[in-house]
Structures are given as structure tokens and as C-alpha cells.
Amino acid sequence: MPPTLRRPTAAPRVELHAVPGLPRIGAGDDLVRLTLAGIDAAGIGLRGGDVLVFAQKVVSKTEGRRVDLATVTPSPRAIEVAARVRKDARVVELILSESTRIVREAPDVLIVEHRLGFVMANAGIDQSNVAADGDCALLLPLDPDASAARLRAQVRQAAGVDVAVLINDSFGRPWRCGAVGVALGCAGLAALRDLRGRPDLFGRTLRVTEVAQADEIASAASMLMGQADEGLPVVVVRGLPARGDPAPARVLVRPAQQDLFR
């Protein structure tokens, strides 16, 4: 007999709300207090089970990860690489200091393996939307998973609500044009959901399916955050189905022994 088609359950209603009106964030600012005030002012509210997605830039700024390039002295290696890739040698110095190796380089392109394992352009170091004045660059948080866990605990203490927290950033991807949002930090949900062993619609057992749940949520939030002058660094995601056993974003980094392209 042919396999029986399993009827899917009703689709969940998922809502995304960008938090408007947040001020410019700087070092030492209370990001949770400002976020909760913005959520209240916009009438969004915060509920248990919501996911708060923070743009990496605002987290890095509050953690003091902004660097004045006038304070950076490039090494001979940074000067050499900078000449090949046509970048500011001071920025290249920061990139190398945040990286374990150069993966690929070309004029205007420097792909590295970040110290946290991410393979990304420029070690995630950015100069856009960093400062209105001065020649500055912004580094990723020292430990994005720890940052997400800290923000989650602060929200629970301040608002009495249990939420999940993601920290997202924009990544380019090999073989695909354009950037998408991905999760650098994750707390309170499963960054990676393992569906192996579960049946598909026809009862066949899934053998290799793992879902980068945190990346999917981060990418959806990025559509509201934008990439230019939108000024919407926090998004509330509501109505997601069961989030699985919590696991940090670092589980999304493929181990070297499983990387066929390394």
C-alpha cells in the first residue's frame, strides 16, 4: 500500500514587531532598559515565549567594542595584506587580531576565520552605522552567546518575562549573492534543531535534516531591521512553535572535521 499522507497541523501565527524610537546606543548604555521602554511606548508588550532579536551593532556598542582607528598601529603583515586587498591597514590590523586565519583574499575582499569560528568577511568588523564623527570601527562582541544570555537574564529580572534572545549580524554566503541575517549569539532556544529520526508527511524517516532555527529567526528579523538608515536594531518575534532544548549559537559552526571545503 502507498504511504499515508499525514495531515499537517494548523500553521502557527508568527508576528514580528520592530521596536521604534530607540535612541542612538553608546558604550555603557542600558540596552535592556531602553528596549523595554521602547516596547512599552510602541504598545507591543512583551510576553513569555517571545524572542528578542538584537542587532550585533547595538550589543557591541554597549560592550565598548568600538575602536578609534587613530589608536591602531598596523603591523608589517597588516600593511602587506592591506596593499593586496586595497583596504585601510589599520582596519586590516583589527581583522587579523580577531581572526585565526585568512581563508580567501582578493582586491576589496578579505574572508577570514573569526576567532569564534565564523567564516566571514572582515572578521565582522564594520564601519557603517558606527559613529557620526571620527574614524572608527566596530568589532563583534567578545562572546555573543554570553551576551545573549546576559541580556535574557536582564529582561527576566526587569520585566518578569521569560524570553529567548538572539544577536544577529549580516553574512555573505559562498555561491550566493547578497547578505542575510544570521545568529551570532543565542540564549533560551535551540539554535540548531535536530529533526533526524522524525517522519516526513509520508512517514519516511528523516536521516540528515537539521534546521538552523536561530539563523532562520535572525534572517526574518533582519527584514525589519534593514541594512541602511532604518534605525530599528531590535525586533520582537512572537508566536513561534516549540523552540526545543536551549543551545547556543556556537553549535551552528560546522566542526573542521566535517567541513568538506576547508
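The values are calculated or read from the model by the stated rules, or taken from the named source; none is laboratory data. If you're wondering where the values come from, they're calculated on a predicted model, not measured in any experiment. When we count neighbours, we look across all protein chains shown, and the Cβ atoms used for this are built from the backbone with ideal geometry, even at glycine.
Checked across region 187-197, the condition of being crowded, with 23+ Cβ neighbours inside 10 Å, in contact with a Leu (Cβ under 6 Å, 6 or more places away or on another chain) and part of a loop (DSSP other than H, G, I, E, B) holds for at least one residue. Between Ala89, Ala146, Ala153, the distinction of being touching a helix residue (DSSP H, G or I) at 6+ places or on another chain (Cβ under 7 Å) and among the aliphatic types (A, V, I, L, M) belongs to Ala89 only. The residue pairs whose first member lies in region 46-71 and is touching a residue at least 40 places away in the same chain (Cβ under 8 Å), whose second member is of a type in the set (Asp, Glu), and whose beta carbons are closer than 6 Å, counting only pairs six or more residues apart or on different chains, are Gly48/Asp162; Gln56/Asp169; Leu69/Asp135. Close Cβ contacts (under 8 Å, 6 or more residues apart or on different chains) running from residues in region 234-254 that are under 17 Å from Phe54 (Cβ atoms) to residues that are at pLDDT 95 or above and hydroxyl-bearing (Ser, Thr, Tyr) comprise Val234/Thr35.
When the criteria are applied in full, Pro199 fails the requirement of being in contact (Cβ under 8 Å) with a residue 12 or more places away in the chain and in contact with an Asp or Glu (Cβ under 7 Å, 6 or more places away or on another chain). Of the numbered criteria (1) touching a helix residue (DSSP H, G or I) at 6+ places or on another chain (Cβ under 8 Å); (2) in contact (Cβ under 8 Å) with a residue 60 or more places away in the chain, the one Ser170 fails is (2). Pairs are defined by a Cβ separation below 7 Å, a sequence spacing of at least 6 or placement on different chains, a first member in region 138-150 that is over 12 Å from Val67 (Cα atoms), and a second member that is of a type outside the set (Asp, Glu) and assigned to a loop (DSSP other than H, G, I, E, B); the pairs so defined are Pro141/Arg65; Asp145/Pro248; Ser147/Pro141. Inspect all residues belonging to region 205-226 and state whether any of them is touching a helix residue (DSSP H, G or I) at 6+ places or on another chain (Cβ under 9 Å), among the polar types (S, T, N, Q) and more than 20 Å from Leu116 (Cβ to Cβ). So far as region 205-226 goes, no, none of its residues is touching a helix residue (DSSP H, G or I) at 6+ places or on another chain (Cβ under 9 Å), among the polar types (S, T, N, Q) and more than 20 Å from Leu116 (Cβ to Cβ).
Examine region 233-246 for a residue that is in contact with a Cys (Cβ under 9 Å, 6 or more places away or on another chain), surrounded by fewer than 20 Cβ atoms within 10 Å (Cβ to Cβ) and in the same structural domain as Asp50 (by TED's automatic domain parsing), and state whether such a residue exists. Yes: one or more hits.
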